[in-house]
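Enquirer: Quick one: this structure, given as structure tokens, is what I'll be asking you about.
The values are calculated or read from the model by the stated rules, or taken from the named source; none is laboratory data. As the structure is a computational prediction, the values presented were derived from the model and not from experiment. Cβ: placed from backbone, ideal geometry, glycine included. Neighbour counts: every protein chain shown.
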């Protein structure tokens, strides 16, 4: 029997809330259970289906590991990181921590880098224990164990954003493409004069938000 892990992220491009990295560990013989319960790439599922599958995946998995990377940590690494790939490398380091916690025989990861081989090497080199890493683009479409991890990551990310909305009011999905999110950030900047601490201040989206805010006073 081979113990495998799948690792994926949620919220990489968001401007509000954490970047979530999740991994699950399962015996390769049990991966069919994931397929039979309807596990697939989280982006292909509704929020309601993801929430339904979440506890089912937890029940089948031998282990689950989750890391939330806060916006402040992302900003610090993106602005001062020594690696040229910055956010990609931060993700690789975090995925390595998840894999180390799960301790599988083999791990499958969704590659954030345009070069999946390079990304796999970054993950492998950061591991405390050497195991085989399979790094692929859109790995959640190729491997059920990664698809399951994508669901765990997405549900955790959604919960984090919902917690922020309870405290601060409706803020949309937290992505720059969401008009509700941009409106929330603009109103926050207008009322408080600074970016919210739960946003990624290093994102270029802030340039246009600041510009539109200044235009309101002209």
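Enquirer: Take the conditions touching a strand residue (DSSP E or B) at 6+ places or on another chain (Cβ under 6 Å) and closer than 23 Å to residue 174 by Cβ and apply them to residue 133. Does it pass?
Expert: It is false that residue 133 is touching a strand residue (DSSP E or B) at 6+ places or on another chain (Cβ under 6 Å) and closer than 23 Å to residue 174 by Cβ.
Enquirer: Residue under question is residue 132, and the condition is that it be over 20 Å from residue 31 (Cβ atoms), without any contact (Cβ under 8 Å) to a residue 60 or more places away in the chain and either buried (at least 24 other Cβ atoms within 10 Å of the Cβ) or in the same structural domain as residue 41 (by TED's automatic domain parsing) (or both); does it hold?
Expert: no
Enquirer: Only one of 150, 112 is under 27 Å from residue 57 (Cβ atoms), modelled with pLDDT under 95 and either in contact with a strand residue (DSSP E or B) (Cβ under 9 Å, 6 or more places away or on another chain) or in a helix (DSSP H, G or I) (or both); which?
Expert: Just a single option satisfies the conditions, and that option is 112.
Enquirer: If you don't mind, there's one more thing I want to ask. What is the one condition in (1) modelled with pLDDT under 95; (2) within 19 Å of residue 154 (Cα to Cα); (3) more than 17 Å from the chain's Cα centre (by Cα) that residue 129 does not satisfy?
Expert: So residue 129 meets the others, but not (2).
Enquirer: Under 18 Å from residue 69 (Cα atoms) and surrounded by 12 or more Cβ atoms within 10 Å (Cβ to Cβ), is that true of residue 202?
Expert: Yes: the conditions hold for residue 202.
Enquirer: Same structure again: Quick check, is residue 91 in contact with a strand residue (DSSP E or B) (Cβ under 7 Å, 6 or more places away or on another chain), over 13 Å from residue 5 (Cα atoms) and surrounded by 20 or more Cβ atoms within 10 Å (Cβ to Cβ)?
Expert: yes
Enquirer: Take the range 26-55 and flag every residue that is buried (at least 24 other Cβ atoms within 10 Å of the Cβ) and outside any loop (DSSP other than H, G, I, E, B).
Expert: 26, 34, 42
Enquirer: Checking the conditions here, which among 62, 36, 28, 100 is more than 30 Å from residue 182 (Cα to Cα) and free of Cβ contacts under 8 Å to residues at least 24 places away in the same chain?
Expert: None of the others qualify; the one that does is 36.
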